[in-house]
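**Student:** This is the structure I have questions about; it appears just below.
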Amino acid sequence: MSTPFISILQLLTAFQCLLFTAFLVIARDRARSGNAALGMMLVLLAMQLLALAAQQAELLAPGATPVSTFGFLYGPLFYFYVRAQIERHAPFRRRTLVHAIPFILSVTAWLIYPLPPNILTVGTLLSVGLYLSACFVRLTRYRQIIAGTRSETHSISLRWLYTATAGWSWVFLLYLGAYTLDFFQPWSRTVYAWTLLFLVLLVFVNAFVFAALRHPRLFSGISPEDEQIVASLSAVRRRTMPTDEDLQVAARIQATMHQDQLYLQPELTLAELAAALNLAPRSVSEVINLYFKQNFAEFINSYRIEAAKRRLLAEETRDESILELLYAVGFNSKSTFNAAFKLKTGLSPSQYRTRGPS
């Protein structure tokens, strides 16, 4: 492999970045919250790749260029994109500009005196690494919140966004590895590492953007109220005994679940259950966690599993397919239903239908 091949990879990736950005701008009917951040990140990446290709062709002098400072924006832009995908209200605010401070400082320093390439590279690696870590923390927190406020977590899990974050992390690690090798090996040997990096980047940019276009925000998003409800549970878990008021609320919850069968609603939320009880969502959440020892998703799914067990054994529904059954009891995903059923019974739905309760 030779450096011209690397230049081709850089040019192809830059072209794809600009093409996808143009699509995001033109296809307004597909515009989603966070796409502006995604488009900006792709444009900056394209400009940096074009600069690198120009250096390979000796159209620009080797070393750092002003576009080298763009690396300080990749982390913040991707982090904002992740936030916009999972939060109901993630607007751009003035305080968001604090994330651009490293970029502003690097540009200012460049105007005064061009920074050494190694300083820019190390700074970029630190910035991107920290923001990717923040994305994983945010996504993990998000999963906890939807489990505490939504009954159906499969369709809104954004598992693909975890994969995308992991993918950008692999690109980051490949860049770190290639950059580190430059200190110990001559270019003739490290060229293979750089070739692998830009080949993976080309493939991943295509895969990531296509996935981003196929996955809009999959539900209305978590709200600040949802976060406060889940955050308040840490204090509730320190309580060992429910109060008399908690017991009364628990009895009302059970009565409503049996009489109205709200668990049959696939997208049932904590707020909807609380509205049916004429109670505050926080109070309902606290009782479910303290008295029933479950989060909201587990609590609702326990009723769905009991309904599924009855249907699996009832004569009138014994010929019902598993897919028909899971939809009938409120599930939206076969994998979620199978996992929840086996966790509760130790058997798959088909085995339970054949063997009956143990």
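**Student:** Given the structure, is E306 out of contact with any strand residue (DSSP E or B) (no Cβ under 6 Å at 6 or more places or on another chain), loosely packed, with under 15 Cβ neighbours inside 10 Å and modelled with pLDDT of 90 or more?
**Tutor:** In short, yes.
**Student:** I would also like to ask the following. Does K293 fit the bill of being of a type in the set (K, R) and over 26 Å from P242 (Cα atoms)?
**Tutor:** no
**Student:** Looking only at segment 320-358, count how many residues are surrounded by fewer than 12 Cβ atoms within 10 Å (Cβ to Cβ) and part of a loop (DSSP other than H, G, I, E, B).
**Tutor:** Of the residues in that region, 5 qualify.
**Student:** Anything in segment 96-115 that is under 17 Å from F70 (Cβ atoms) and either exposed (fewer than 14 other Cβ atoms within 10 Å of the Cβ) or among the acidic types (D, E) (or both)? List them, or say none.
**Tutor:** The answer is L97, I101, I104, L105, T108, L111.
**Student:** Mind telling me which of the residues L60, L45, L77, L24 ends up being at pLDDT below 85, crowded, with 17+ Cβ neighbours inside 10 Å and in the same structural domain as S127 (by TED's automatic domain parsing)?
**Tutor:** Answer to the selection: L24.
**Student:** Suppose we keep only residues that are aliphatic (A, V, I, L, M) and not in a helix (DSSP H, G or I) within segment 85-144. Which one would you say is modelled with the lowest pLDDT?
**Tutor:** A90
**Student:** It is to be established whether one or more residues within segment 311-319 are assigned to a helix (DSSP H, G or I) and within 30 Å of D246 (Cα to Cα).
**Tutor:** no
**Student:** Please go through segment 266-278 and give me each residue that is assigned to a loop (DSSP other than H, G, I, E, B) and modelled with pLDDT under 90, ordered by number.
**Tutor:** Within segment 266-278, P266, E267, L268 meet the criteria.
**Student:** Filter segment 268-303 for residues that are over 11 Å from S151 (Cβ atoms) and among the polar types (S, T, N, Q); which is surrounded by the most Cβ atoms within 10 Å (Cβ to Cβ)?
**Tutor:** Checking each candidate, the answer is S285.
**Student:** Does A250 satisfy the condition of being in a helix (DSSP H, G or I) and in contact with a strand residue (DSSP E or B) (Cβ under 9 Å, 6 or more places away or on another chain)?
**Tutor:** no
**Student:** Something else: So which of N301, N289, N295 ends up being touching a residue at least 24 places away in the same chain (Cβ under 8 Å), touching a Leu at 6+ places or on another chain (Cβ under 6 Å) and under 18 Å from E152 (Cα atoms)?
**Tutor:** Testing whether each residue is touching a residue at least 24 places away in the same chain (Cβ under 8 Å), touching a Leu at 6+ places or on another chain (Cβ under 6 Å) and under 18 Å from E152 (Cα atoms) leaves just N289.
**Student:** Given the criteria in contact with a helix residue (DSSP H, G or I) (Cβ under 6 Å, 6 or more places away or on another chain), of a type in the set (G, A, S) and part of a helix (DSSP H, G or I), does A297 qualify?
**Tutor:** Yes, satisfied.
**Student:** While we're looking at this one, here's another question. Return the residues of segment 155-189 that are under 17 Å from the mean Cα position of the chain (by Cα), at pLDDT below 80 and either in a helix (DSSP H, G or I) or surrounded by fewer than 18 Cβ atoms within 10 Å (Cβ to Cβ) (or both); say none if nothing qualifies.
**Tutor:** S155, R159, W160
**Student:** Go through (1) of a type in the set (A, V, I, L, M, F, W, C); (2) in a helix (DSSP H, G or I); (3) farther than 14 Å from P266 by Cβ for F292 and report which single condition fails.
**Tutor:** Answer for F292: the failing condition is (2).
The values are calculated or read from the model by the stated rules, or taken from the named source; none is laboratory data. What you see is a predicted model; the values in this text were computed from it and never measured. Please note: Cβ atoms are built from the backbone with ideal geometry, for glycine as well, and neighbour counts cover all protein chains shown.
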